[in-house]
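The values are calculated or read from the model by the stated rules, or taken from the named source; none is laboratory data. On a predicted model such as this, the values are computed, not experimentally measured, just so you know. Ideal geometry is used to build each Cβ from the backbone, glycine not excepted, and the neighbour counts take in all protein chains shown. For the accessible areas, the whole protein counts, side chains as well, though only heavy atoms, and no ligand, DNA or RNA atoms are used. Shrake-Rupley method; radii C 1.70, N 1.55, O 1.52, S 1.80 Å.
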Amino acid sequence: MYFTDRGIEELEQRRGDEQITFEWLSEQLRTFVDLNPDFEVPVERLATWLARLDDEDEE
């Protein structure tokens with residue numbers, strides 16, 4: 001188990017029944033990066049990964 005799994009599990013427990021839009025999620029990610037600029041690159045990578053989930057493998 002990765003250390004981040006604890007945060008993911010907490011998110012699921014606290015907010016797992018909610019439905020959100022990607023617009024809302026995007027705004028929350030922007031706010032998080034504004035407050036925590038050191039996390040800009042990991043958040044960018046996560047957002048790009050989520051955006052491209054349905055893309056066919058380019059390998």
Residues of segment 11-39 classified as in a loop (DSSP other than H, G, I, E, B) and polar (S, T, N, Q), total: 3
Positions within segment 1-10 being in a helix (DSSP H, G or I) and surrounded by fewer than 10 Cβ atoms within 10 Å (Cβ to Cβ), in sequence order: T4, D5
Residue tally, condition open to solvent by 100 Å² or more (accessible area, probe 1.4 Å) and assigned to a helix (DSSP H, G or I), over segment 40-59: 4
